[in-house]
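The values are calculated or read from the model by the stated rules, or taken from the named source; none is laboratory data. Here the structure is a predicted model, which is why all the values come from computation and not from measurement. For neighbour counting, all protein chains shown are included, and Cβ atoms are generated from backbone atoms with ideal geometry for every residue, glycine included. Heads up: the accessible areas ignore ligands, DNA and RNA and are worked out on the full protein's heavy atoms, side chains in. Shrake-Rupley method; radii C 1.70, N 1.55, O 1.52, S 1.80 Å.
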Amino acid sequence: MENFDLAVIGAGPGGYVAAIHAAKSGLKVALIERDKVGGACYNVGCIPSKIMLEHSKLVQEIRRGTDWGVTVPTINIDFPKLMQRKDNVVQELITNIETFIENAQITMFRGDATVTAERKVIIENEAFTATNVILATGSRPFVPPFKGIESANYHTTDTFFGIQELPKQLTIIGGGVIAIEMAFALAPMGTQVTVLNHSKDILQTEEPDARPIIKDKMKALGIELITEFTFEEIHAQYIQTSIGNFPYENLLFATGRRPNTQIAEALEMDMDGRLIKVNNHYETSIPGIFAIGDLVGGFQLAHSASAEGVHAVDYILGKHPKVINQQEIPRCVYTHPEIATFGMLEHEAPADSIVTKMYLPTNPKALLEGNTQGFMKFVASPEGDIYGACVVGDGATEMINSMLAAKVLGGSVKDLARMIFPHPTVSEHVGDAARSVFGKAIHA
């Protein structure tokens, strides 16, 4: 029976990155995928959602041009063509990944895998052994067991990105990142969007100061946001709640995800609630078997899963990698404006922390671009150590990187304050926000 140094089960951002890193480090690698390479991220998550958000952003840019004096009489949206572009981009990215896998001389298997405690891997009629195994099987959408749910025709993210007709109306259940991003993706296209979130606020894992900005933009886009209620029953054409009934034509559940832990359960691994229990190097209770990504604790983010996969491989190689610091993992929301955060939020920081916030309307580039909704925020120690940071604004998910780089490299806000940023750029606000920690901001 053939033996591999490493078998990786799941070819999403955690699995394929781990497999390629291992192969390029000299290991003989098998990669198993039962569905599509790229996992949920590339096929029904990160990538298709961001493509749709780019389409809606373009529509908003065209409308803003009219306000500036560049008149566009009508905007005609060919939704099937936009979705074809989405499919084309996704396919090109997946083809790239498949090429990277092939070039790394990884042996690819297709089908459902089972694993024994002795690390024998079985895929239908094929079987092999592996010295080490990484489980990277990801997660699936969760739909709450509401009363009457069986009578409703609804989408999850597994099906929503396959729609070919622009919905006239869409009701989204949920108030997290995916729910709000999908509202931003459809509303500028002309869809009447209603977001039903039983909690009192949205984006509750994100920067609190960003939420009012996002809610104001939702209102401006015509998105109806309903909060603070109890779901009572789902009907075929309306949703019954404690504050009234809400009719819908199309329904999307964006209510979180559940890990695919079938292999772990079959092996009777130690669990931590719904998640697989792992040590600091992602090794499970069975020696030689590791788990990463949505299967374990931490952020359910593609880049987090990729980092964990690389870490697990380096540990297998005996490189003694540094434990991943959750405070150094960026979190991004691709609304308009975007939200990007890392580290501690203000309410999580020590009592003596210095918190500064610089609003974008004082930034020349933001003003000339018309992207003034937002701010830059630092949470720092009195000495200038960076506890956390947040950017809200157009391009925030790119600008957060300079702030994070300073923290990861052991720098402080003093180092960012000393940097010479090009002018005019929105990123020069990073330097001013850093100076504001010491009361020396120029454009405060």
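Overview of results
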{"quantity": "Every residue from the range 244-258 that is surrounded by fewer than 18 Cβ atoms within 10 Å (Cβ to Cβ), in contact with a Leu (Cβ under 8 Å, 6 or more places away or on another chain) and part of a loop (DSSP other than H, G, I, E, B)", "calculated": "249"}
{"quantity": "Selected residue (criterion: surrounded by the most Cβ atoms within 10 Å (Cβ to Cβ)) from residues of the range 158-185 that are touching a strand residue (DSSP E or B) at 6+ places or on another chain (Cβ under 7 Å) and farther than 24 Å from residue 229 by Cα", "calculated": "160"}
{"quantity": "Residue that is least open to solvent (accessible area, probe 1.4 Å), among those in the range 305-329 that are over 15 Å from residue 25 (Cα atoms) and touching an Asp or Glu at 6+ places or on another chain (Cβ under 9 Å)", "calculated": "305"}
{"quantity": "Residue list for the range 273-292, filter: more than 25 Å from the chain's Cα centre (by Cα) and assigned to a loop (DSSP other than H, G, I, E, B)", "calculated": "285, 286, 287, 288"}
{"quantity": "Filtered residues of the range 77-107 (kept if open to solvent by 50 Å² or more (accessible area, probe 1.4 Å), of a type in the set (A, V, I, L, M, F, W, C) and outside any helix (DSSP H, G or I))", "calculated": "77"}
{"quantity": "Every pair of residues 6+ apart whose Cβ atoms lie under 6 Å, when the first sits in the range 1-18 and is at pLDDT below 95 while the second is open to solvent by 10 Å² or more (accessible area, probe 1.4 Å) and of a type in the set (S, T, N, Q)", "calculated": "1/129"}
{"quantity": "Tally of residues being part of a helix (DSSP H, G or I) and closer than 21 Å to residue 103 by Cα across the range 1-56", "calculated": "14"}
{"quantity": "Yes/no for residue 74 being among the hydroxyl-bearing types (Ser, Thr, Tyr), without any contact (Cβ under 8 Å) to a residue 60 or more places away in the chain, open to solvent by 80 Å² or more (accessible area, probe 1.4 Å) and over 30 Å from residue 275 (Cβ atoms)", "calculated": "yes"}
{"quantity": "Qualifying residue in the range 123-134 (condition: closer than 30 Å to residue 8 by Cβ and either out of contact with any strand residue (DSSP E or B) (no Cβ under 7 Å at 6 or more places or on another chain) or not in a strand (DSSP E or B) (or both))", "calculated": "yes"}
{"quantity": "Options 138, 190, 176; residue that is at positive phi and under 20 Å from the mean Cα position of the chain (by Cα)", "calculated": "138"}
{"quantity": "Residues of the range 330-349 classified as assigned to a loop (DSSP other than H, G, I, E, B) and open to solvent by 30 Å² or more (accessible area, probe 1.4 Å), total", "calculated": "2"}
{"quantity": "Residues satisfying the stated conditions in the range 10-48, i.e. of a type in the set (Val, Ile, Thr), open to solvent by 10 Å² or more (accessible area, probe 1.4 Å) and in contact with a strand residue (DSSP E or B) (Cβ under 9 Å, 6 or more places away or on another chain)", "calculated": "20, 44"}
{"quantity": "Flag if residue 365 is assigned to a helix (DSSP H, G or I), within 29 Å of residue 63 (Cβ to Cβ) and touching a residue at least 40 places away in the same chain (Cβ under 8 Å)", "calculated": "yes"}
{"quantity": "Pairs, first over 14 Å from residue 181 (Cβ atoms) in the range 330-349, second of a type in the set (D, E, K, R) and surrounded by 21 or more Cβ atoms within 10 Å (Cβ to Cβ), C-beta under 7 Å, six or more apart", "calculated": "341/206; 341/207; 343/407; 345/207"}
{"quantity": "Pick from the range 369-420, criterion out of contact with any strand residue (DSSP E or B) (no Cβ under 9 Å at 6 or more places or on another chain) and of a type in the set (A, V, I, L, M, F, W, C), ranking: farthest from residue 205 (Cα to Cα)", "calculated": "420"}
{"quantity": "Filter result (touching a helix residue (DSSP H, G or I) at 6+ places or on another chain (Cβ under 8 Å), under 27 Å from residue 298 (Cα atoms) and surrounded by fewer than 22 Cβ atoms within 10 Å (Cβ to Cβ)) within the range 358-384", "calculated": "384"}
{"quantity": "Some residue of the range 217-237 being surrounded by fewer than 17 Cβ atoms within 10 Å (Cβ to Cβ), of a type in the set (Lys, Arg) and either under 30 Å from residue 400 (Cα atoms) or within 24 Å of the chain's Cα centre (by Cα) (or both)", "calculated": "yes"}
{"quantity": "The one condition in (1) open to solvent by 40 Å² or more (accessible area, probe 1.4 Å); (2) under 30 Å from residue 398 (Cα atoms) that residue 287 fails to fulfil", "calculated": "(2)"}
{"quantity": "Selection from the range 371-417 of residues that are in a helix (DSSP H, G or I), within 21 Å of the chain's Cα centre (by Cα) and of a type in the set (Gly, Ala, Ser)", "calculated": "396, 402, 405"}
{"quantity": "Total residues in the range 190-216, condition touching a residue at least 60 places away in the same chain (Cβ under 8 Å) and crowded, with 16+ Cβ neighbours inside 10 Å", "calculated": "7"}
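For (1) in contact (Cβ under 8 Å) with a residue 40 or more places away in the chain; (2) of a type in the set (S, T, N, Q), each residue gets a yes or a no:
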residue: 109; (1), (2): yes, no
residue: 112; (1), (2): yes, no
residue: 119; (1), (2): yes, no
residue: 125; (1), (2): no, yes
residue: 129; (1), (2): yes, yes
residue: 136; (1), (2): yes, no
residue: 140; (1), (2): yes, no
residue: 144; (1), (2): yes, no
